[in-house]
Amino acid sequence: MDLDKFKVHGEPLIYGAMVSIALATIGILVGLTYFKKWGYLWREWLTTVDHKKIGVMYILAALLMLFRGGVDAMMMRLQTAAPEMKFLDAQHYNEVFTTHGLIMILFMAMPFIIGLMNVIIPLQIGARDVAFPRLNAVSFWLFFMGAMLLNISFVIGGSPDAGWSAYFPLASLEFSPTVGNNYYSLALQISGIGTLITGVNFIVTILKMRAPGMKLMKMPMFTWSVLITNVIIVFAFPVLTVALALMMFDRLFGSQFFTMANGGMDMLWANLFWVWGHPEVYIVILPAFGIYSEIIATFSKKNLYGYTSMVFSMLIISLLSFLVWAHHFYTMGQGAMVNSFFSITTMAIAVPTGVKIFNWLFTLRKGRITFTTPMLYTLAFIPIFTIGGVTGVMLAMASADYQYHNTMFLVAHFHYVLIPGAVFAVIAGFHYWFPKVFGFRLNERLGKHSFWWIVISFNVTFFPLFFLGLMGMTRRTYTYSEESGFGPLNMLSFVGAVGLAIGFLLLVYNIYWSTRYMPRDTTSDPWDGRTLEWATHSPMPIYNFAIVPTVQTRDALWSAKQDNIPLYDDTKITKIHMPSNTGKPFILGVIFFILGFALVFSLWIPAILSGIGVIVMLAFMSFDRDHGYYISAEEVIATEKKLKRGEIV
Amino acid sequence: MKIDASKPLEYSTEENSNKIFGFWVFLGAEIPLFATLFTVYFVMVNRFASGPSGSELFEIGPVLIETFLLLSSSFTIGLAIHAMRHGYKKAMMVFMALTLLMGLGFIGIEIDEFFTYVHEGATLQTSGFLSSLFVLLGTHGAHVSFGFLWGAGIMIQLWRHGITPATANKAFIFSLFWHFLDVVWIFIFSFVYLKGLM
C-alpha cells in the first residue's frame with residue numbers, strides 16, 4: 001500500500017488544521033472521559049430516535065459546518081482582499097472554494113433546515129413523532145458520517161478541488177488526480193442517501209399523521225413548505241445518486257461516462273448535476289419561505305395573507321424547479337432554441353416567487369408588528385432577497401448571460417438569494433423555536449446586535465461583487481493584478497466578511513450567554529403563537545402531546561385562544577406508545593463511513609468487508625423485534641402535573 | 001398495538017399502513033433513479049468508440065430465459081401474497097421460495113452474460129455505451145440480488161413467527177419491490193435488448 005497518498009503536502013495552514021483537528025478530538029475524548037459522559041452520550045444522543053433530539057443534533061452539526069464553511073469563506077476573502085496576495089496558493093484556493101460551496105449547501109443549509117423540520121413538523125401537525133423514528137436516526141447518522149468524510153479530506157489525502165459543481169473533464173482522474181473528488185462522490189452519496197430517507201419519512205409523516213381535523217388546506221405554512229420540499233427531495237436526489245455513482249465508476253473503475261475519449265460525454269455530468277442541483281436550491285429555500293410565513297403571521301398578529309396562493313405558488317415553484325437546469329450553462333453550446341426554453345422557464349419562477357413576496361407584504365399591512373429578532377431577519381429578507389431575485393432574472397436572459405457567466409456577478413447573485421433565502425431563515429427559525437426546545441429565549445438585545453452586524457456586513461461583503469463581476473472579474477480566480485483595478489472593491493468585501501464573522505460570533509456568544517443567564521420561559525408560548533407547536537409545554541415531554549389535539553381551523557392554537565375552542569379533551573389521557581432507542585443506526589453510519597473511506601482510497605478488502613457489514617446491519621435491523629414500549633396513563637398524568645408546575649422532566 | 005380487523009393483516013395497524021405508504025413513496029424515488037439510468041443509456045447508446053454495438057453483443061436466448069424467470073417470479077410472489085391473505089403459511093413459504101429461486105436463476109444468467117461480454121472484450125472501460133449498459137443492468141441486477149437476501153430474511157422470520165401483522169407487512173412490501181423490479185426489467189428487455197437487437 002502506498003502510504004503517500006494519505007498525506008497532504010502543503011503549507012503551514014494545513015498542518016495547523018491537522019493539529020487543531022487532532023487537539024479538538026483529543027479534547028473531546030478526554031473531556032467525555034473526565035466528566036464520565038460516555039454513557040450519557042450513548043443513551044441520550046447516539047442511540048436516540050426522538051425527533052426533537054435528532055433535530056437538535058442536525059442543528060448542532062449544521063452550526064459546526066457553518067463555522068467550517070465560514071473559515072473557508074474568510075480565507076478566500078483574505079486571499080483576494082488585495083492584488084497578488086500570497087496567503088493561499090492556487091491549489092489550496094481551489095480546494096477551499098470547493099469545500100466552501102459543498103459544506104455550506106449540503107452540510108450547513110440543508111441539515112439546518114432538516115433539523116428545524118425534525119424538531120417542529122411533528123409538533124406542528126400534532127403528532128407524537130415522525131412516521132419512522134428509527135429510519136430518522138439512520139438519516140441523521142448517514143448525513144453526519146458523510147459530512148465527516150468530506151471534512152477529513154482536508155487533512156487525509158486532499159480535498160476535492162474542481163468546484164462544488166465538479167464539472168468534467170476537470171473532475172476526472174486525468175485532471176484531478178488526487179483522491180479529492182473520490183471524497184466528493186462518496187461523502188455526498190452517503191449523506192444523500194440519508195436525505196432521501198428523510199424525504200420519504202416526512203412525506204409519510206405529514207400525509208398520514210396529522211392531528212384529527214387538520215385537512216391539507218388547514219396545515220401551517222411551514223408544514224406545507226416542508227411537504228413540498230420533501231417531494232422535491234424524493235424526485236431530485238435519485239438523480240444525484242446516479243450522477244455520483246457514475247462519477248465514482250469513472251474515477252475508480254475507469255468507466256467512460258464523462259471522459260473525453262471512448263464515447264464519453266462531459267456535458268452529461270453538467271446536465272445530471274444540475275437536474276438535481278437546481279431543485280436543490282429550492283430544497284433549501286422553500287422551507288425558508290415556510291419559516292418566514294410563520295414568523296410574519298405571528299409577529300404581525302394576523303392571518304397569513306393569501307394562504308391558498310402561497311400553497312399554489314410553492315407547488316408551481318417545485319414543478320418549475322425541474323425545468324430550468326440548463327440555465328447553469330447557457331454558454332456551453334446547446335444552441336439558441338434550448339437556451340430560449342430554459343430562459344423562459346427560469347424567468348417564470350419569478351412570478352410565483354413575486355406572489356409570495358406580495359403576500360408577505362400584505363400580511364404585514366395593518367398588522368400589529370413587534371420587532372423581535374426573528375421578525376427583524378424576516379423583514380431584512382424581503383428587500384435583500386428581492387435584489388437576489390431581480391439579478392436572477394438578469395442572469396436568466398440567455399443572451400445577457402454570456403456577459404455575466406462565471407463572473408463575480410453570479411457569485412453575488414446566488415449569495416443574495418441563498419443568504420437571506422436560507423441562512424437568515426434558519427437563524428430566524430432558530431431564534432423563534434429555540435424557547436420551544438430549550439425552555440428559554442435567546443437574549444433579544446444580543447440577538448439584535450448580531451442581526452445588525454450580519455445584515456449590514458452581508459451587504460458590504462456581497463454588493464461590491466456585483467460591480468466586480470460587471471468589471472470582468474471571473475469567479476474562482478485566486479489572484480489578480482493591480483492594474484485590473486479589482487483591488488479596492490475586493491478589500492471592501494473583505495471588510496464586510498470580517499463584519500459577518502463578528503455577527504456570527506455574537507450569535508454563538510448569545511447561545512452561550514442565554515444558556516447561562518436567561519430566565520426560564522414558563523408560558524410555553526412566549527411569542528403568542530398561532531400553531532400547534534406552542535400548544536404543548538416547552539421543553540416538550542418526550543411524547544409531545546399528552547392528548548392529541550383536535551383541529552378545526554388554520555392557525556389552530558390562535559383560534560383556540562381567541563374563540564375559546566378547546567384543543568383537547570383533558571380527561572382522555574391514555575397510555576402512549578413510544579419507539580425504543582437503538583444503537584443500530586449509529587453503527588450503520590459508522591460502517592458506511594468506513595466503506596466510504598475505503599472506497600476513496602481504493603482499499604478493496606476493507607471496502608468489501610464493510611459492504612458486507614452494511615448488509616448484515618440491515619438484516620439485524622430487519623430481524624429486530626423490539627416494537628417499542630408504552631408510557632402508562634398514570635405516568636403521563638404525573639408528568640403533565642409536573643410540567644404544569646414548571647418543573648423540568 | 002391496535003389491530004383493525006376490517007383491513008388485511010399487512011395494513012392492520014397504523015404503523016403497518018404507514019410502512020406500505022412509505023414504501024410506495026420510496027418506489028416513487030426509484031422511478032427517477034432508473035429513469036436517469038435509462039436516460040444516460042439512451043444518450044450513450046450510439047457511442048461505441050472501438051467497442052461492439054448492442055446488436056453485435058446481445059443474444060436473445062439468455063435474455064428470454066431471464067425475462068421468463070423474472071416475470072414468472074412476479075406471478076409467484078403474487079400467489080404468495082394471495083396465500084398469505086388466506087393464512088396458508090406453508091403455501092406462502094413455497095411460493096416465496098419459488099420466487100427467490102427464480103430470482104437467483106435470473107442473477108446467475110445475468111452474471112454469466114456479463115462474463116461472456118467481458119470475454120468478448122466488451123468491458124466497463126471499453127466505451128460510453130458499454131459503461132452505461134453495465135451500470136443500468138448492474139443496478140437492476142443489484143436490486144434483484146438485494147431482493148434475494150431481503151426475501152430470504154423475511155422467509156426466516158415467517159418460518160419462525162408465522163403470519164403476523166409484522167411479517168405479513170414485510171412480505172407485502174417485499175412483493176411491491178419485486179413487482180417493481182419486474183416493471184423495470186420490462187423496460188430493459190424492450191428498450192435495451194429488443195431495440196438493441198434490431
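The values are calculated or read from the model by the stated rules, or taken from the named source; none is laboratory data. Please read all numbers here as calculations on a predicted model, not as lab measurements. FYI the Cβ positions are ideal-geometry reconstructions off the backbone, even for glycines, and counts take in every protein chain you see. To get the accessible areas, we keep the full protein, side chains included, count just its heavy atoms, and leave off ligands, DNA and RNA. Shrake-Rupley method; radii C 1.70, N 1.55, O 1.52, S 1.80 Å.
Quick one: how many residues across the range A:341-360 are closer than 12 Å to residue A:313 by Cα and β-branched (Val, Ile, Thr)?
5
Pick out the one residue from A:85, A:108, A:117 that is closer than 27 Å to residue A:328 by Cα and either of a type outside the set (Phe, Trp, Tyr) or in a helix (DSSP H, G or I) (or both).
A:108
Condition test on residue B:8, is it open to solvent by 10 Å² or more (accessible area, probe 1.4 Å), at pLDDT 95 or above and in contact with a helix residue (DSSP H, G or I) (Cβ under 8 Å, 6 or more places away or on another chain)?
No.
Looking at (1) surrounded by 20 or more Cβ atoms within 10 Å (Cβ to Cβ); (2) farther than 30 Å from residue A:304 by Cα, which is the one condition that is false for residue A:495?
All conditions are met except number (1).
Looking at B:37, B:27, B:64, B:69, can you tell me which residue is within 25 Å of residue A:256 (Cα to Cα), of a type outside the set (Gly, Ala, Ser) and part of a helix (DSSP H, G or I)?
Every option except B:37 fails the conditions.
From A:311, A:239, A:284, which residue is within 14 Å of chain B (Cβ to nearest Cβ), within 26 Å of residue A:422 (Cα to Cα) and either open to solvent by 20 Å² or more (accessible area, probe 1.4 Å) or not aromatic (Phe, Trp, Tyr) (or both)?
A:239
Which condition number does residue A:49 fail, the rest of (1) part of a helix (DSSP H, G or I); (2) closer than 27 Å to residue A:539 by Cα being met?
(1)
Tally up the residues in the range A:74-103 that are touching a Lys or Arg at 6+ places or on another chain (Cβ under 9 Å) and of a type in the set (A, V, I, L, M, F, W, C), please.
Residues in the range A:74-103 being touching a Lys or Arg at 6+ places or on another chain (Cβ under 9 Å) and of a type in the set (A, V, I, L, M, F, W, C): 2 in total.
Only one of (1) open to solvent by less than 10 Å² (accessible area, probe 1.4 Å); (2) assigned to a helix (DSSP H, G or I) is not met by residue A:176, so which one is it?
It is condition (2) that residue A:176 fails.
Can you run down the residue pairs with Cβ atoms below 6 Å, 6 or more apart or on separate chains, where the first is in the range A:461-478 and in contact (Cβ under 8 Å) with a residue 40 or more places away in the chain and more than 14 Å from residue A:494 (Cβ to Cβ) and the partner is of a type in the set (S, T, N, Q) and outside any helix (DSSP H, G or I)?
From the range A:461-478, the pairs are A:469/A:407; A:474/A:406; A:474/A:407; A:475/A:406.
One line per residue, one yes/no per condition, for (1) more than 30 Å from residue A:551 (Cβ to Cβ); (2) more than 11 Å from chain B (Cβ to nearest Cβ):
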{"residue": "A:220", "(1), (2)": "no, yes"}
{"residue": "A:233", "(1), (2)": "no, no"}
{"residue": "A:269", "(1), (2)": "yes, no"}
{"residue": "A:280", "(1), (2)": "yes, yes"}
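When the residues of the range A:551-597 are narrowed to those that are of a type in the set (Gly, Ala, Ser) and more than 27 Å from the chain's Cα centre (by Cα), which ends up farthest from residue A:213 (Cα to Cα)?
Filtering first and then ranking leaves A:580.
Taking residue A:445 and the conditions (1) open to solvent by 20 Å² or more (accessible area, probe 1.4 Å); (2) touching a helix residue (DSSP H, G or I) at 6+ places or on another chain (Cβ under 8 Å), which numbered condition does it fall short on, given that it satisfies the others?
Among (1) open to solvent by 20 Å² or more (accessible area, probe 1.4 Å); (2) touching a helix residue (DSSP H, G or I) at 6+ places or on another chain (Cβ under 8 Å), the lone unmet condition for residue A:445 is (2).
Would you mention how many residues in the range B:90-104 are closer than 19 Å to residue B:8 by Cβ and crowded, with 16+ Cβ neighbours inside 10 Å?
Within the range B:90-104, residues that are closer than 19 Å to residue B:8 by Cβ and crowded, with 16+ Cβ neighbours inside 10 Å number 4.
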